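Peer 1: Structure incoming, see below.
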Amino acid sequence: MKWSIHQLSKYRKEGMPLDTNVQLDNLEIRNSDIRNVSPVHVKGLCTFGASQMTCQLTISATLTLPCARTWEDVEYPVNIETVEIFSWVDKEQRGDVFSDIHFIDGDVIDMKPVLEELILLEVPMQVFKENTEGQVQSGKNWSYSTDEEVELAKKVDEPKLDPRLAALAKYFDQTDK
C-alpha cells in the first residue's frame, strides 16, 4: 500500500476509496506471540488537502495466538476503526513532534507500517481457548495445577529431605561426645 504523492493528485476531488487485502507478514517477526496473520482487510476513504491525506479506515484481520493455559492455537479477530492523517509538509512547518500526524519524508506514502502498529496495539496479553477451564496439562518437568490442588498437596505431603543433604541431617543427630 504505497502511493506517490503525485499519483494521489487525481483523487483530490472525490477522494480515494480503499477496499483491499494486505499481507502483513512482518507482524509475526515483530511480536513472537503472533503465530499467523490472515490477510488484513482495509476498507475506507482517503480525502486530500493541500499537504495532507486523511484516511477513515476500517481494518479487520484474524490473528492466531497461543492459549495461555494450553498453548494451543486460538483465533483472535481484530476490528479497528481509525482516522489516520498523513502529511508531507516541510520539516520547518511541522511544529509539535508528538502530534497524531504521520509525516512523510520524500514523495511516497507507505501505509503498511501504520497498519502494523495499529494491529500490534490490539494484541491482548492473554487469550484463552474455549472449554479449557480446569484442563490439566503437563510437560517434561512441569504440570499445571489449580490453587486448590496446590493447597491440598501442601497439607498431604510431608516435607521431603533432599538426598544430597541426608548426610548433613545425620550430623546434627549426633550427640556431643
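Peer 1: So which residue, out of GLY15, GLY44, GLY106, gets the largest mean-square fluctuation from a GNM of the chain using Cα contacts under 10 Å as springs?
Peer 2: Maximum among the listed residues: GLY106.
Peer 1: Excluding residues fewer than 8 places away in the same chain, name every one of the lysines whose C-alpha is closer than 23 Å to that of LYS170.
Peer 2: Filter leaves LYS160.
Peer 1: Can you compute the modelled spin-label distance between ASN26 and ALA50, with each label point 7 Å from Cα toward Cβ, in nm?
Peer 2: 3.2 nm
Peer 1: In whole Hz, what ³J(HN,Hα) sequence does the range 11-27 give by Karplus (6.51, -1.76, 1.60; θ = phi - 60°), x for Gly and Pro?
Peer 2: 9, 4, 7, 9, x, 10, x, 10, 7, 8, 10, 10, 9, 10, 5, 5, 4
Peer 1: Restricting to the range 2-121, compute how many DSSP beta bridges are antiparallel as a %, nearest 5. Don't skip to the answer; put the middle values down first.
Peer 2: Working: 35 of 38 bridges.
The answer is about 90 percent antiparallel.
Peer 1: A further question follows. Which of MET125, MET16, MET53 comes first, and how do the rest follow, when ranked by fewest Cβ neighbours within 10 Å?
Peer 2: Details: MET125 6, MET16 17, MET53 23.
The most exposed by this proxy come first: MET125, MET16, MET53.
Peer 1: What length, rounded to one decimal in nm, is gained on full extension from GLU117 through to PHE103, with 0.36 nm per residue of separation minus their alpha-carbon distance? Could the numbers behind the result be given before it?
Peer 2: Values: separation 14, 0.36 × 14 = 5.04 nm, distance 1.52 nm.
Computed gain between GLU117 and PHE103 is 3.5 nm.
Peer 1: Another one. So which residue, out of TRP71, TRP142, TRP88, gets the largest mean-square fluctuation from a GNM of the chain using Cα contacts under 10 Å as springs?
Peer 2: Among TRP71, TRP142, TRP88, the largest GNM mean-square fluctuation belongs to TRP142.
Peer 1: Quick one: dipole size for the chain, taken about the Cα centre, charges +1 on Lys/Arg Cβ and -1 on Asp/Glu Cβ, in debye to the nearest 20. Please report the intermediate quantities before stating the final value.
Peer 2: Working: 19 positive and 31 negative charges, 77 e Å.
Value, rounded to 20: 380 debye.
Peer 1: Okay, next question. Treat each spin label as a single point 7 Å out from the Cα along the C-beta direction, and report the SER9 to VAL156 distance in nm.
Peer 2: 7.9 nm
Peer 1: Highest GNM mean-square fluctuation, the chain, Cα pairs closer than 10 Å: which of GLU130, GLU84, GLU149?
Peer 2: GLU149
Peer 1: Output the direction-averaged projected area (hull surface divided by four) of the convex hull of the alpha-carbon atoms of the range 2-121, in nm². Write out the running numbers ahead of the final one.
Peer 2: On the way: hull surface 33.1 nm².
Directional mean of the projected Cα hull area for the range 2-121 stands at 8.3 nm².
Peer 1: Which entries of LYS13/LYS112; LYS10/LYS112; LYS129/LYS155 show an alpha-carbon separation above 30 angstrom in the structure shown? Walk me through the intermediate numbers first.
Peer 2: Values: LYS13/LYS112 25 Å; LYS10/LYS112 22 Å; LYS129/LYS155 32 Å.
Pairs exceeding 30 Å: LYS129/LYS155.
Here, each number is a calculation from the coordinates, and none is a lab measurement. All values derive from a computational prediction rather than experimental measurement. Note: ideal-geometry Cβ built from the backbone for every residue, glycine included; neighbour counts use all protein chains shown.
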